[in-house]
1. Out of Pro369, Pro386, which single residue is touching a Gly at 6+ places or on another chain (Cβ under 8 Å) and away from the ligand (no atom under 16 Å from the Cβ)?
2. Condition first: buried (at least 19 other Cβ atoms within 10 Å of the Cβ) and more than 24 Å from the chain's Cα centre (by Cα). Now tell me which residues in region 213-243 satisfy that.
3. Looking at His325, His330, His334 in this structure, which one is in a loop (DSSP other than H, G, I, E, B) and either surrounded by 24 or more Cβ atoms within 10 Å (Cβ to Cβ) or in the same structural domain as Gly444 (by TED's automatic domain parsing) (or both)?
4. From Gly89, Gly55, which residue is under 22 Å from the mean Cα position of the chain (by Cα), under 26 Å from Cys131 (Cβ atoms), more than 15 Å from the ligand (Cβ to nearest atom) and open to solvent by less than 20 Å² (accessible area, probe 1.4 Å)?
5. Filter the strands (runs of 3 or more DSSP E) completely within region 1-105 down to those with at least 2 residues that are at pLDDT 95 or above.
6. Kindly list the number of the only condition in (1) open to solvent by 30 Å² or more (accessible area, probe 1.4 Å); (2) out of contact with any helix residue (DSSP H, G or I) (no Cβ under 8 Å at 6 or more places or on another chain) that fails for Thr530.
7. Just a yes or no: is a residue in region 149-161 farther than 30 Å from Gly53 by Cα, without any contact (Cβ under 8 Å) to a residue 24 or more places away in the chain, hydroxyl-bearing (Ser, Thr, Tyr) and out of contact with any Pro (no Cβ under 7 Å at 6 or more places or on another chain)?
8. Of all residues in region 360-393, count the ones that are crowded, with 23+ Cβ neighbours inside 10 Å and either assigned by TED's automatic domain parsing to the domain that holds Asn578 or of a type in the set (Lys, Arg) (or both).
Amino acid sequence: MPEIVPVLSGDHLSSPASFHDPLHAAWGDAEWWRSSVIYQVYPRSFRDSNGDGTGDLPGVLAELDHLAELSVDAVWLSPFYPSPHRDGGYDVADYCDVDPMFGTLADFDALVAGADRLGIRIIVDLVPNHCSSEHALFQAALAAPEGSPERSMFIFSDGRGAGGDEPPNNWQSHFGGPAWTRVTAPDGSPGQWYLHLFDSSQPDFNWDNPAVREEFERVLRFWLDRGVSGFRVDVAHALIKAKGLPDWGGRADGGSTEGFPGSDAPMFGQEEVHAIYRRWRGILDEYDGDRILCAEASIDPLPRLTDWVRPDEMHQAFNFAYLHHPWDAHSLRHVISTSLTAFDAVDAPTTWVLSNHDVVRHASRFGLPEGAPRGGDGIGRFDAQPDTAIGLARARAASLAMFALPGGIYLYQGEELGLPDHTAMPDDARKDPTFGRTEGERLGRDGCRVPLPWLADTPTFGFAANHSGAPHETPTPWLPQPEGWSGYARDRQTEDPSSTLSLYRTALQLRRDLRLGAGSLSWSREYETTDAVAFLNGEVLVVLNMGEFAIPLPPGAIIVSSTPEEMEAGETRMLPPNACVWLIHSTDSAFVATPE
Ligand code: GLC
């Protein structure tokens, strides 16, 4: 990687009239989480150190150097707790332990210590809306009579209609089918119903009950005492339900045409939920080390979402409006502007994310034909297939543009390899409950959760290999890997300067060195077109071409580019379609690039 020496004097900038007034001002010295890069590890698919076909915590520890190379500030671990894994571990049977499939608490402690040595923080996933039906509290509730304290930890209710045969209301599960399941009394007679916004194996807690609040404060302290730097809070908008659990007239899953969820959805976004996070913020503030809460809250529009990150609540919230932007310059500009304006209004950082374990990876999403659905429901063998080359070019360009945005970045494991989804997974291999609960109508999210490729020429692409790279004997990954993934394997990309991995390493290092995360954003008047997004952060001018044709490249030294295509031919400099560059916006280049 060439060494880039920035000179941030600003003397060389072209006339300020070329840019709109800054939409967002630089922060200067601010808390780490305002400009962080956080890498999501989905432990089951990251790295299998013992050859059982499942990733594990020692596997994460063994590969931490690779994450340090990406200049990440923190790793967010998706759930690794004991779980029957009906919903990929988001069905937690014990909040204060490690599933033997992933290792032990001692492995967790070793991971925190190993990460700390590399300056990487560990953030864990907290799933407070629901637990697994195998959790001791739910088992106790099932065994206890109606109206008991055990039952009041969850949301039990009598059914409607003759004999209580109908669910208490019309709410639907996110994964399809009713959001209620009826229990059977010990004598075999049908009993009450319990609420589960997700799978029937994920009963919702009753957050109106102070005992539930106490239980989770205990869980928070358990992990804070073990040295975690914070929590990603699962479905953080759902904990409190409207009094009386009224029927819902909007879309069955809580959505409506005005956004997701509708402002009047009774299962989301209730005002009382904020008191819970204020209390949690107080608990985190008792600890040293600037620890954080990040809300996973699918709330539209953005100015409503920012209620979750007011000064005394959470620190960050996932920006799903940004994640869902289509490949279109106008939409992208709009969502960036709206995001920065909304989050600035509450003095919180905006976050940026393009992939996670719930959505089709952006290298596949951006390669889908015009008009194909782009939701989180996976791509199957009989669906329109993404154009892999276009998808990858656009994913690289979109990521590079994202890395120059001020605020916090979330990365999802494997995106640094340019991984696409598995779009031809056999149905009998699927594990996501969405598939079963909708009888295959919705495919679910397995395509983005496939075990990572590490070594091109090794069985399981090195996912299940011992630390020296030797394969275990008969490893069968828990989800099948697509054929032909060797080109994406990390070892193939490591030394290739044009690989996606090299692009991520270079750009994320520059983002850190140039302090772009704490920087500013001004839209360019001069270089913006119908198809091009152009903005300035410090002295870095970013141009992203989302159109079909090459566009003239502004003057200035190119410091990093998403495309291996040649852009300079004699006097003419052109930016190809589906590509992004960072330039030093200066007539008299103040940057000196020295090859290694
Ligand atoms: C969140 C998780 C998702 C899980 C759901 C229920 O949206 O990201 O994976 O299925 O919550 O816990």
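1. On the way: Pro369 fails: touching a Gly at 6+ places or on another chain (Cβ under 8 Å).
Just a single option satisfies the conditions, and that option is Pro386.
2. Lys241
3. Working: His330 fails: in a loop (DSSP other than H, G, I, E, B); His334 fails: in a loop (DSSP other than H, G, I, E, B).
Only one candidate qualifies: His325.
4. Details: Gly89 fails: more than 15 Å from the ligand (Cβ to nearest atom).
Within the list Gly89, Gly55, the selection yields Gly55.
5. Values: elements: 3-5, 37-41, 74-77.
By residue number, 37-41, 74-77.
6. Failing condition for Thr530: (2).
7. no
8. Residues that pass the stated criteria total 2.
The values are calculated or read from the model by the stated rules, or taken from the named source; none is laboratory data. None of the values given here were measured: they were computed from a predicted structure. Every residue, glycine as well, gets a Cβ built from its backbone with ideal geometry; the counts of neighbours run over all protein chains shown. Surface areas here come from the heavy atoms of the whole protein model, side chains and all, with no ligands, DNA or RNA. Shrake-Rupley method; radii C 1.70, N 1.55, O 1.52, S 1.80 Å.
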